[in-house]
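Chemist: Handing you this structure, nothing more for now.
The values are calculated or read from the model by the stated rules, or taken from the named source; none is laboratory data. Model, not experiment: these values are computed from the prediction. Heads up, the Cβs are rebuilt from the backbone with ideal geometry, glycines too, and the neighbour counts pull from every protein chain shown. Calculation scope for accessible area: heavy atoms of the full protein, side chains included, ligands and nucleic acids excluded. Shrake-Rupley method; radii C 1.70, N 1.55, O 1.52, S 1.80 Å.
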Amino acid sequence: MPLKIRHLEVFNALFEAGSVSNAAQRLNLTQPAVSIALGNLESELGFRLFHRNRGFFAPTGEALQLRGEISQGLMALARVEQRADDIRQGWAGGFSLASNGALAMNFLPRLIADFQVEYPGTHVEMRVHSSRQIADWTASGQIDIGLIDTPVPVAGLKAEVFAMECMCIMRADDPLAAQEVITPTCLAGRGMIGVNGDHVTDRQIKRLMLEVGKPLRYRAFCYYYAIARNMVAAGGGLAIIDPINASADLGDGVVCRAFKPQVRHETAMISSRDHPPAHGGADMQDFIRRHLAQYTLPDSPASSSLS
């Protein structure tokens, strides 16, 4: 089936833009060219990809099934083009890493900048996605280094786990800020910002609250620790998050306090067993290790290989 890259680009643009006119503008093509490319792609595949309704295009079930594969294929091609461009420009080397929201906002940007000072000329590509997607990318060699929540959901990976002790954050003017240690009883009746309701952190907090017989009231869920901190800064309540985002010096009026009993967050640094990291990747792994050490508990699990 002779699929063309342009056809896949048209599919992707239509999927995201929702109309031929918007897709054409994104791709710098005429609207008839987009319509023809889509028609050719649907003919090659043997099924429709979009429902047409007054100029708007809604993906069919078949299109939803193809979306992930097409996106990964286009990203892989973009990586080849980027690597070729790096070689033309004389970069000393380059590698890719990906993280979920735990480390992407208040840890990796500074770490990458410091790494490039120590290793000048190294090109770094950083992506942000779900732990599951990052594990898939890493196992297939599309990403050199992944930083994800445990448990690691994909086989064929080497994993090094960093266990951390979560902290309670609140605004500096909150009465709880006067306490050195926050306990479950302190949370009774307070509005909490959770991760997603079923995150490992949320489950630990719920269990601790049940043990002391106190109610737990969630005001909002936000998926990323860094966003939970932003919501606390805006007056949204309290949150229990990882120590990296909790202790970051952001000047946002948020302070962190120890929380007992211990609530753990585990980050896994993963790499493929079958695809060694690109040039510079091993140095970055050591760099990450050193910078995470200050937050890591002494009983952090050892490295492992997942078959």
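Chemist: Among A63, A23, A33, which one moves the most in a GNM of the chain with springs linking Cα atoms closer than 10 Å?
Modeler: A33
Chemist: Based on Cα positions only, what radius of gyration and what Dmax would you give for the chain, in angstroms?
Modeler: 23.0, 68
Chemist: Here's a follow-up. Hey, can you rank 38-48, 8-18 by average C-beta count inside 10 Å, highest first? If you can, show how the numbers build up before the last one.
Modeler: Values: 38-48: 14.3, 8-18: 20.3.
Final packing ranking: 8-18, 38-48.
Chemist: Between A220 and D173, what is the spin-label point distance in nm, taking each point 7 Å from the Cα along the Cα→C-beta axis?
Modeler: Distance between label points: 1.8 nm.
Chemist: Sort segment 1-56 into rounded, prolate or oblate with this rule: let a ≥ b ≥ c be the square roots of the eigenvalues of the Cα gyration tensor; rounded if a/c is under 1.5, and if a/c is not under 1.5, prolate when a/b is larger than b/c, oblate otherwise.
Modeler: Cα axes put segment 1-56 in the oblate bin.
Chemist: Further, regarding this structure: Return the FRET efficiency for the residue pair N196, A33: r is the Cβ-Cβ distance, R0 is 41 Å, and the value is rounded to the nearest 0.05.
Modeler: Plugging the Cβ-Cβ distance into 1/(1 + (r/R0)^6) gives 0.45.
Chemist: Going by average Cβ neighbours within 10 Å, how do the peptides 173-184, 121-132 rank, with the highest at the top?
Modeler: Top of the packing list down: 121-132, 173-184.
Chemist: Moving to a separate point now. Compute the length gained on full extension between S140 and E44: take 0.36 nm times their separation in residues and subtract their Cα-Cα distance, giving the result in nm to one decimal.
Modeler: This chain segment gains 31.9 nm when fully extended.
Chemist: Hey, could you get me the Stokes-Einstein D for segment 174-229, Kirkwood radius over alpha-carbon pairs, 20 °C and 1.002 mPa s, rounded to whole µm² s⁻¹?
Modeler: 180 µm²/s
Chemist: So, taking all protein chains as they sit and a 1.4 Å probe, how much accessible area belongs to E160, in Å² rounded to tens?
Modeler: 40 Å²
Chemist: Using only the Cα atoms, what convex hull volume per residue in Å³ does segment 123-206 have?
Modeler: Looking at segment 123-206, the number lands at 152 Å³ per residue.
Chemist: Which FRET efficiency value, to the nearest 0.05, do you get for R79 and T185 by plugging their Cβ-Cβ distance into 1/(1 + (r/R0)^6) with R0 = 35 Å? All intermediate terms of the calculation are to be shown ahead of the outcome.
Modeler: Details: r = 51 Å, r/R0 = 1.46.
It comes out at approximately 0.10.
Chemist: Same structure, new question: From the helices alone, meaning DSSP H stretches of at least four residues, give me the mean residue ellipticity at 222 nm for the chain, per-run term -39500 (n - 2.57), in deg cm²/dmol to the nearest 500.
Modeler: -13000 deg cm²/dmol
Chemist: Length gain on complete extension for the stretch R110 to R52, per 0.36 nm per residue less the alpha carbon to alpha carbon distance?
Modeler: Stretched fully, the R110-R52 segment lengthens by 16.3 nm.
Chemist: Can you classify segment 51-190 as rounded, prolate or oblate using the Cα gyration tensor, where a ≥ b ≥ c are the square roots of its eigenvalues, rounded means a/c under 1.5, and otherwise it's prolate if a/b beats b/c and oblate if not?
Modeler: oblate
Chemist: Under the 0.36 nm per residue contour assumption, what length would be gained going from the current alpha-carbon distance of A234 and K206 to full extension?
Modeler: Length gained between A234 and K206: 7.7 nm.
Chemist: Using r as the Cβ-Cβ distance of M126 and R273, and R0 as 22 Å, what FRET efficiency do you calculate, to the nearest 0.05?
Modeler: Working: r = 22 Å, r/R0 = 1.02.
With a Förster radius of 22 Å, E is 0.45.
Chemist: Starting from the Cα gyration tensor of segment 219-307, multiply each eigenvalue by 5, take the square root, and state the resulting semi-axes largest first in whole Å.
Modeler: That gives 30, 15, 14 Å for the three semi-axes.
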